[in-house]
1. Going by the structure shown, is residue 229 more than 18 Å from residue 418 (Cβ to Cβ), at pLDDT 95 or above, open to solvent by less than 10 Å² (accessible area, probe 1.4 Å) and not aliphatic (A, V, I, L, M)?
2. Testing residue 375 on (1) hydrophobic (A, V, I, L, M, F, W, C); (2) surrounded by fewer than 22 Cβ atoms within 10 Å (Cβ to Cβ); (3) touching a residue at least 24 places away in the same chain (Cβ under 8 Å), one condition comes back false. Which one is that?
3. For the structure I just gave you, tell me whether residue 404 is under 26 Å from the mean Cα position of the chain (by Cα) and in a loop (DSSP other than H, G, I, E, B).
4. Among what's in segment 190-217 and is out of contact with any Pro (no Cβ under 7 Å at 6 or more places or on another chain) and closer than 15 Å to residue 134 by Cα, pick the residue that is surrounded by the fewest Cβ atoms within 10 Å (Cβ to Cβ).
5. Mind checking whether some residue in segment 160-168 is β-branched (Val, Ile, Thr), over 30 Å from residue 238 (Cβ atoms) and not in a loop (DSSP other than H, G, I, E, B)?
6. Of all residues being open to solvent by 30 Å² or more (accessible area, probe 1.4 Å) and of a type outside the set (D, E, K, R) in segment 416-426, which is nearest to residue 456 (Cα to Cα)? Just the residue, please.
7. Mind listing just one residue for me: the one in segment 325-337 that is part of a helix (DSSP H, G or I) and surrounded by fewer than 23 Cβ atoms within 10 Å (Cβ to Cβ) and, of those, farthest from the chain's Cα centre (by Cα)?
8. Contact list please: Cβ distance under 8 Å, first residue in segment 420-449 and assigned to a helix (DSSP H, G or I), second residue loosely packed, with under 14 Cβ neighbours inside 10 Å, pairs at least six apart or on different chains.
Amino acid sequence: MSSPSILDDSIGARAERIASDAVASLRSRRFSQLIDGELVAGATSQGVIDPATELTIATVPVADNAQIDQAVDAAKRAFATWRKTDLSERIAIVQSIIERIEQHRDDIAQLTTLEMGKPYEAALGDVDLALTWARDTAADVTRILTPLIAREDETVRVEVRRKPIGVVAAIVPWNFPFFQSVYKLVPAVLTGNTVVLKPAPTSPLNGLLLGEIIADIVPAGVVNVIGDGGDAGPVLVAHPGVGKVSFTGSTAAGRRVLGDSAATLRHVVLELGGNDAALVLDDADIAEVARGIFPWAFLNTGQVCINIKRIFVPRARYDEFCEVFAGIANNAKIGHGLDPLTEFGPLAHSRQYEAAKSYVEVAHRDGAVIAGGSIPEGPGYFVPPTVVRDVDPNSTLIREETFGPVRSIIAYDDVDEAIELINDTIYGLGNSVWSSDIDRAVEVADQLESGSVWINEHFALYPDVPFGGQKQSGVGTEFGDEGVLLFTEIQALSIPKH
């Protein structure tokens, strides 16, 4: 077993050199919240840490309960006017937001890399995804919101109309922070709602920048962005002025959000955890499939709800697959996200780092580690892509979501057995089937219990295709017509003909 390649004898030292110029300018930069159309300081402040160096790179504002109240109250006042604003005007404002994001594309990506670690090219990809989602949603929203005729006869016509809900609390995670901010904000404001956006405490820079760059575009109070020291989420979720919570995060946190929302019966959409599986069929080209699965297993250093976390391979092809897959992992390069040679950055923050190290310990205990499995010395939250085979079926690596760069390969003897094992989980976010026979793969995919199933690919998301989880992987839907409509309430309007 060999270790994945690092980019220097001291990975932390190289990371500091790579980031030094960017960090020097960032430390003097002032970040503000956007509340009621004004860029304001926080009640307090906190530092933001570069996970590749463990150095503080910026100071950001943190809202207290009074400022959260101000943001929600501003959004409520703005809603009274914004809900009546013509859809064409709302679309024009979103188009202006898109143009402004394009102008700041590089800056947003660099901030994302510095605050949460992902490679710069991947961070640019996140910004581009956000732009694609915003453009597509703006292009489709007129059709989506057109009233439907539910019933019509000689006496009455009943139209189903869509009305905005009110104030949307958009609670954004740290792994795709900018993309998820935009895909929550854009459909909310297009459908006539107003927004209080709360970035994650560990990766707030890109969200605060978004507030700054659109402050002169959106009417006061329509979009508000607040800083979070770690306790703003529950306050925002339980706030009586909030009409809908759009939350992305862990299943455990989602349960708390659902509980906190119960008192007011507010609308809630939860995109939660996953324990996704890739099922390799016996007719697959093993080398090709191993190369196809690997990026989706370790994307974002394994910190994605819909990463492939369990890989099921026929026993007759098991050794072959393990050898190829481990070889790819052992050649992976880890380093600072601003280093152009980096393929995988650090874990996003110290809590994730400690969790990932515990996964590595479990891998050594419950299976045979065939790639990675050792933690580099020095600063930075680096854990190399780690692959484990012959895993105890009762291991937490199999039973729970492994949110980090540790992946398990599991042998199976019968496809029905594999399907049963894949479905034996509290999660149901996504799965994929890999085969040379598409018809057979479709037949197998139809038996998997998850909101999304892909064939010979994984994590293929589109703005016009609904995305959501079954079981404890979520409540509600994002993307597509269905996702946009969940930012609205139904009104059935009966119009007499006489």
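1. Values: more than 18 Å from residue 418 (Cβ to Cβ): yes; at pLDDT 95 or above: yes; open to solvent by less than 10 Å² (accessible area, probe 1.4 Å): no; not aliphatic (A, V, I, L, M): yes.
When the stated conditions are applied, residue 229 does not pass them.
2. Condition not satisfied by residue 375: (3).
3. Details: under 26 Å from the mean Cα position of the chain (by Cα): yes; in a loop (DSSP other than H, G, I, E, B): yes.
Yes.
4. If we take residues in segment 190-217 being out of contact with any Pro (no Cβ under 7 Å at 6 or more places or on another chain) and closer than 15 Å to residue 134 by Cα, then 214 is surrounded by the fewest Cβ atoms within 10 Å (Cβ to Cβ).
5. yes
6. Residues of segment 416-426 open to solvent by 30 Å² or more (accessible area, probe 1.4 Å): 416-417, 420-421, 424, 426.
From what's left, of a type outside the set (D, E, K, R): 421, 426.
Working: 421: 20, 426: 24 Å.
Selected residue: 421.
7. So, considering only residues that are part of a helix (DSSP H, G or I) and surrounded by fewer than 23 Cβ atoms within 10 Å (Cβ to Cβ), the one farthest from the chain's Cα centre (by Cα) is 327.
8. 421/393; 440/283
The values are calculated or read from the model by the stated rules, or taken from the named source; none is laboratory data. What you are looking at is a predicted structure, and each value in this text was computed from that prediction instead of being measured. For neighbour counting, all protein chains shown are included, and Cβ atoms are generated from backbone atoms with ideal geometry for every residue, glycine included. Remember, those area values only see protein heavy atoms, side chains included, never the ligands or the DNA or RNA. Shrake-Rupley method; radii C 1.70, N 1.55, O 1.52, S 1.80 Å.
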